[in-house]
Amino acid sequence: MTTAEVAKQLRTTDSTVRYWRHRGTGPTGVRVGRRVLYAESDVLAWLESLKARKRRRTNTEITSLRVVRGHWSTGRARREGTSCPAD
């Protein structure tokens, strides 16, 4: 697949796909001459890795909840140096 085809499939622009490649955060591509080509399986694997990372992050946020003064909290009040309202 070309950069344009990947962009079309992901409903984004060519420049966004090139930027992802530059940052190393996009699907794996192979340079062939002046062009960058992507295997469809690599694009699908990259999408699956994004889904898995999102699930992991959501599960981590849920398990990182702390009980602060009898209330469930993410610890934000503690990090910001503020206190939770008293009952």
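Selection of region 31-64 for residues being of a type in the set (A, V, I, L, M, F, W, C) and either under 21 Å from residue 5 (Cβ atoms) or modelled with pLDDT of 90 or more (or both) yields 32, 36, 37, 39, 43, 44, 45, 46, 47, 50. Of the residues making up region 16-55, those that are over 13 Å from the mean Cα position of the chain (by Cα) and surrounded by 11 or more Cβ atoms within 10 Å (Cβ to Cβ) number 16.
The values are calculated or read from the model by the stated rules, or taken from the named source; none is laboratory data. Owing to the predicted nature of the structure, the values given are computational and were not obtained by experimental measurement. Counting neighbours? That spans all protein chains shown, and the Cβs are built from the backbone with ideal geometry, glycine included.
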